[in-house]
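Reviewing the structure listed below.
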Amino acid sequence: MISSVFIHRPRLAIVISIVISIAGVIALGALPVAQFPDIVPPQVAVSTNYPGASAAAVEESVAQVIEAQVNGVDKMIYMKSTCGGDGSYTLNVSFQVGTDPDLNTVNVTNRVNQALAQLPPEVQRNGVTTKKQSSSLLQVVAIYSPKGSRDALFLSNYAKINMVDTLKRVTGVGEASQWGDLEYSMRIWLNLDRMASLGITSEEVINAINSQNTPGRGWPRRGGAPGPRG
């Protein structure tokens, strides 16, 4: 038997083992590296913002319009949308495993462009962003003030100015986003009865506010909290 040969000749067994080990080390650099198969469906994210609108208004005037066009895009599995009370809107479209993410992005972009003309003017001015993304989460970074000297609004502004863009430039990072994003803003409530008695329309109020909303010396500087707008 072959086993008895190696038992009675241990030196021969050692030599053969050494030769096999050396051959394996030499072949290690030349053999192809096997990759894990794709198990996570590729996604394409569509996002925009409707300033001053509630979640119900975003769902009615933005979500329904975009999703009616995107629904049924080639190789799509399902889609999920989120309408925020701050006017934000995000649509995640999942595709079949193994499809080309770049081609999926182009197909979704073409569908979104068909819906642009039906969106509110404020949404058209802000633009609609379409980009590919991965559903797998790499890392979560929490920001806090050790002594409690900074509030959540300041920390959110600091992260947006100093950290988010830097993380996006890190090699291997596809996208960096901020959760619970807070912005310095002002909401204006209109007295419809008073406006009707004065003959003023909401468009005139918006134009008056836009004419006063000009950058001044109080704009946020790098590393600090923003000041008032002039």
How much length is gained on full extension from ASP102 to VAL164, taking 0.36 nm per residue of separation minus their Cα-Cα distance? 20.0 nm
For the pair GLN64/HIS8, report the inter-label distance in nm, with labels modelled 7 Å from Cα in the Cβ direction. 9.1 nm
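So, with a 1.4 angstrom probe, what is the percent of accessible area on the stretch 26-115 that is carbon and sulfur?
55 percent
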What share of Cα pairs, in percent, lie more than 14 angstrom apart in the stretch 147-214? 73 percent
Mind giving me the nanometre distance, one decimal, between the label points for LEU116 and SER47, set 7 Å out from Cα along Cα→Cβ? 1.9 nm
Could you bin all the Cα-Cα distances of the stretch 58-100 into 5 Å bins starting at 0 and give me the percent of pairs in each, rounded to whole numbers? 5, 22, 29, 19, 13, 8, 4, 0
With the other protein chains left in place, how much accessible area per residue, in square angstrom, belongs to the stretch 1-118 at a 1.4 angstrom probe? 65 Å²
Run the reach check for LYS168 against lysines, Cα to Cα strictly under 19 Å, same-chain hits fewer than 8 apart removed. What comes back? LYS131, LYS132, LYS160
How much accessible surface area, in Å² rounded to 10, belongs to the heavy atoms of ILE16 with a 1.4 Å probe? 70 Å²
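Give the calculated FRET efficiency between ASN92 and ARG150 to the nearest 0.05, with a Förster radius of 22 Å applied to their Cβ-Cβ distance.
With a Förster radius of 22 Å, E is 0.10.
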Can you tell me how the stretch 13-171 classifies by the Cα gyration tensor, rounded, prolate or oblate, using a/c under 1.5 as the rounded cut? oblate
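The values are calculated or read from the model by the stated rules, or taken from the named source; none is laboratory data. Remember, predicted model here, so these are calculated numbers, not experimental data. Heads up, the Cβs are rebuilt from the backbone with ideal geometry, glycines too, and the neighbour counts pull from every protein chain shown. Calculation scope for accessible area: heavy atoms of the full protein, side chains included, ligands and nucleic acids excluded. Shrake-Rupley method; radii C 1.70, N 1.55, O 1.52, S 1.80 Å.
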